[in-house]
1. Quick check on this structure: which one of 41, 109 is under 17 Å from residue 140 (Cα atoms), open to solvent by 40 Å² or more (accessible area, probe 1.4 Å) and either among the charged types (D, E, K, R) or in contact (Cβ under 8 Å) with a residue 60 or more places away in the chain (or both)?
2. Just to be sure before I move on: is residue 88 modelled with pLDDT of 95 or more and aromatic (Phe, Trp, Tyr) in the structure I sent?
3. Any chance you could count how many residues in region 56-83 are touching a helix residue (DSSP H, G or I) at 6+ places or on another chain (Cβ under 9 Å) and either open to solvent by 80 Å² or more (accessible area, probe 1.4 Å) or aliphatic (A, V, I, L, M) (or both)?
4. When residues of region 113-129 are filtered for being under 8 Å from the mean Cα position of the chain (by Cα) and open to solvent by 30 Å² or more (accessible area, probe 1.4 Å), how many remain?
5. Output the qualifying pairs, or none if there are none: Cβ atoms under 6 angstrom, residues six or more apart or on different chains, first residue in region 79-94 and free of Cβ contacts under 8 Å to residues at least 40 places away in the same chain, second residue open to solvent by 70 Å² or more (accessible area, probe 1.4 Å).
Amino acid sequence: MTNKFLIFIFILSTGIIFMNCSEENTTQFQMIPTSNIPLSKLSDIQQKVFTQSCALSNCHGSNNTQANLLLTEGNAYNYLVNVQSVLFPQFNRVTTDSSSNSLLIKILKGEVAPQMPLNRDPLDAAVIDSMAKWIDNGALNN
């Protein structure tokens, strides 16, 4: 009697699991796709990254810009997006829709030396990922 009871419980619980996994029930809780939702905007990147860590004197600010890259407000987009790098001409600084081919991301991650920001702590991975998402979503001038 005990074996029959265990078999009954097994069959009952298996049936409940399959009923809960039916297509009809799972469509009630569909996730909203987020791949097309930009996680970052250039204005955010400018304010939180470029202005604080890059657009400094003797770096990529208005005085003595390194590698002919000006990252001050109102200038960063034109110096980055689809612009060939001076130091690494095989790369664009930012390749629209392709963070993996953008020198900006490679240099921030340390895949290309020197890692930026120079002589400072690297940016958090979440910040770099957000910048990559901006690029992958079209690198809009927003």
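The values are calculated or read from the model by the stated rules, or taken from the named source; none is laboratory data. These numbers come from a predicted model, not from an experiment. Cβ: placed from backbone, ideal geometry, glycine included. Neighbour counts: every protein chain shown. Just so you know, the surface numbers come from the protein's heavy atoms only, side chains and all, with ligands and any DNA or RNA stripped out. Shrake-Rupley method; radii C 1.70, N 1.55, O 1.52, S 1.80 Å.
1. 41
2. So residue 88 fits the description; yes.
3. 9
4. Total satisfying the criteria: 3.
5. Cβ pairs passing all conditions: 86/68; 92/82; 92/84.
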